[in-house]
Each structure stands twice: as structure tokens, then as C-alpha cells.
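Accompanying notes for the structure given below.
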Amino acid sequence: MIETNLMQRSFSDLLPTEKALVLKIRYEKIASQGKRNDLQKEINNLEQGIIEKESKTEDKTNSRKALGKEYHLSGASIARYLRLNELSKSWKQEVDEDKIGLTMAVELSYLTKEIQEYLYQQCKELELSLKPSDAKTLHLMNRQEEMNQEMVATYLLNLKKPKVKEYQNIKLSQSIYQKFFRYEESKEEVEGIIEKALEIYFREYLH
């Protein structure tokens, strides 16, 4: 099936998860030939959440160089595609439909497939769209303690809660300002008057 696809379509035309499967098969074939695994560093980096820029002048060798030359991809990109094979079916579809990006998909791939599916279903039920930062947070949480359904549910419910603004910059309209203040008063004096008025209001009317 893979060979037929590649004969009929170029590698660049394949869906992301199709590319991932092609690279997995080629990677395993190269590794089985006893060549040193130069992609392991990139794979380890992804697990630690590290993305390194590659030197254009540095000569890559063996498995990394062979795959990179064959498919015109950097070692880091190949490592990301390989991680797509660890995604659950639902998240693979999200990637192929361009609903989530490759980097976000990689973060989710470190959760067990059971938890990935639970996460996907809960997001649908709660009508939540995860952000890349959420996927990264879940990945980091999973590194500290393997995620379970209760932990996922708690995290998503916290996302669902409306965000309370810690601070709002309130501006007085010109009519209100002219009603209570004179133009010669400084900004500091106006703020002081407002603060005293608020203290009286909260003490007398909201006691």
C-alpha cells in the first residue's frame, strides 16, 4: 500500500499521518541494517520538549542523513513525523484535516492512546478547543505523573471556567469627569478622591 501510494503520489502530497507511516517503515529498515541511529537525539529532545535549530553546514550521517536526503526533511522534522504514529485514531484525523498542527500533535502523542481518546471525547463534549500550550502542559504533567481520566477531566474543567480578570483599566467619561472634578486637579488627586469615595461606598452601602 505504501509503495503504491508513493508511485501514484509524491511524498509531499501525502497526508501527515501517511508521511509518518512511510518514515517509520523506512526508519526501521535503515535501523535494522545496523546503521547508527542518529535520529535518537532528536527523538529524545522532543520527549523533553526541546526543539533545536540545525546547522545547515553540518554533515548529518547514517539514518538521519539518509532519510533527510531521501525526503528533504531535517532530523527534527523526521522525529516529529515519527511521533505521529503514536497518536490515537481521532487525533490522527485532526492532524490530517489540518485542525491541529504537527508540534501540538507531537505533545499529545506522549499520552497513552487510551487517555488521548478520552481527552478527545471530553473536548467534544465540553465544546473545548485545545491550544498548543494546553497540549504542552498535558505532556509536562504526564512526565511528572502518568495522566489518568480524573486528571484530564480536572484540567479541562478548569479551562471551561470563565477567566476572572485580575485588573481592569476603567476610564471615566468626559461627562462624569466634568460633573465631579475640576480641570486643575492632578491625576493623583483625582485617584485619591475616587479611592476615598469607593471606601465610603463599600463601607456604607455594601456592609
Hey, which of these cross-link pairs are over 22 Å Cα-Cα: Lys69/Lys92; Lys19/Lys131; Lys92/Lys124?
-> Lys69/Lys92; Lys19/Lys131
Could you give the nm distance between label points at Leu159 and Ala197, where each point is 7 Å from its Cα heading toward the beta carbon?
-> 4.3
What full-extension length gain, to one decimal in nm, is calculated for Met141 and Gln93 as 0.36 nm per residue of separation minus the Cα-Cα distance?
-> 14.9 nm
Length-normalised contact order for the range 63-150 - Cα pairs under 8 Å, 6+ apart - percent = 26
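Rounded to the nearest 0.05, what FRET efficiency is calculated for Ser10 and Lys131 with R0 set to 35 Å and r the Cβ-Cβ distance? Provide the component values of the computation, followed by the final result.
Working: r = 32 Å, r/R0 = 0.92.
Step by step, r from the Cβ atoms, then E = 0.60.
Values in this text are rule-based calculations from the coordinates and carry no lab data. Just so it is clear, the model here is predicted, and its values are computed rather than measured. Don't worry about glycine lacking a Cβ; one is built from the backbone with ideal geometry, like all the others, and counts go over all protein chains shown.
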